[in-house]
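**Student:** Submitted below is the structure of interest, expressed as C-alpha cells.
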C-alpha cells in the first residue's frame, strides 16, 4: 500500500525551515493528531481540514499517516497518528483552544486517561515560545518519550531541537516497535 500522506492545502508552502538553532520561527507551530475510533485516517484528515478552515491557520507541511499501537492504556484498538506544521497568527493558547474545539465538534469525549478517542490534537510547539501553566506546556513535555509522536514529527520537522537533540536523534534512540507508515 502506498504511504498515506495528509494533503497540503492549496497554495501552502511545504517548509519554511527552522532557525539555525533548531527552533521554529515565530508564527509556526507543530500539532500532533491521532485517532483510534471509526475511520481513523479520515478522522485525522477531517481534523486537519477543520484546523485550517478559518484561514488563520495555514498548513505548511503534513506527515505521512502512521499506524501505531496504543500507548499508556494498551487494551484498546490501534491508532493512526500524524503531525502537521502550521503557520498561524493565533497565540499558543488560542491554538490550543481551536484544537479542543475541533475535538468537541468531532465528538471527542474525555473519559479515561489515554483511553479511546475519535480524535486527539496536541500542540507540540509554537515558535520559540516556552510555556508552562495549568493549560499548556510548550514544548509538549512528552514528545521525546513517544515514538507515535516522533515518527510523524520527523516528516515535518526532523531538525527541530527538543532538550538538546533533534527529533530525528530522539526517534533513532527510542523503541519504534509497531509504528509504521500506512
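The values are calculated or read from the model by the stated rules, or taken from the named source; none is laboratory data. A quick note: this is a predicted structure, and the numbers were derived from the prediction, not measured. Glycine gets a Cβ as well: all are built from the backbone with ideal geometry, and neighbour counts include every protein chain shown.
**Student:** Could you look through the stretch 159-174, keep only residues that are assigned to a loop (DSSP other than H, G, I, E, B) and modelled with pLDDT under 95, and pick out the one that is surrounded by the fewest Cβ atoms within 10 Å (Cβ to Cβ)?
**Tutor:** 164
**Student:** Pick out the one residue from 162, 143 that is closer than 23 Å to residue 67 by Cα and touching a helix residue (DSSP H, G or I) at 6+ places or on another chain (Cβ under 8 Å).
**Tutor:** Result of the check over 162, 143: 143.
**Student:** Could you check the stretch 105-121 and list, in sequence order, the residues that are under 17 Å from the mean Cα position of the chain (by Cα) and without any contact (Cβ under 8 Å) to a residue 40 or more places away in the chain?
**Tutor:** 108
Quick grid of which residues meet (1) touching a helix residue (DSSP H, G or I) at 6+ places or on another chain (Cβ under 8 Å); (2) in a loop (DSSP other than H, G, I, E, B):
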position	(1), (2)
96	no, no
101	no, no
107	no, yes
111	no, yes
118	yes, yes
124	yes, no
128	no, yes
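**Student:** Counting only residues that are touching a residue at least 12 places away in the same chain (Cβ under 8 Å), touching a strand residue (DSSP E or B) at 6+ places or on another chain (Cβ under 8 Å) and over 17 Å from residue 164 (Cβ atoms), how many does the stretch 127-139 have?
**Tutor:** 4
**Student:** With respect to residue 95, is the statement that it is under 25 Å from residue 165 (Cα atoms), within 16 Å of the chain's Cα centre (by Cα), surrounded by 12 or more Cβ atoms within 10 Å (Cβ to Cβ) and in contact (Cβ under 8 Å) with a residue 24 or more places away in the chain true?
**Tutor:** no
**Student:** Still on this model: Just one of the numbered conditions (1) within 16 Å of the chain's Cα centre (by Cα); (2) outside any helix (DSSP H, G or I) is not true of residue 144; which one?
**Tutor:** Status for residue 144: all satisfied but (2).
**Student:** Identify the single condition in (1) more than 12 Å from the chain's Cα centre (by Cα); (2) in contact (Cβ under 8 Å) with a residue 60 or more places away in the chain that residue 124 does not satisfy, given that it satisfies every other one.
**Tutor:** Going through (1) more than 12 Å from the chain's Cα centre (by Cα); (2) in contact (Cβ under 8 Å) with a residue 60 or more places away in the chain one by one, residue 124 breaks only (1).
**Student:** Ok, one more. Checking residue 83 against (1) closer than 22 Å to residue 167 by Cβ; (2) part of a helix (DSSP H, G or I); (3) touching a helix residue (DSSP H, G or I) at 6+ places or on another chain (Cβ under 6 Å), only one condition comes out false. Which one?
**Tutor:** Every condition holds for residue 83 apart from (2).
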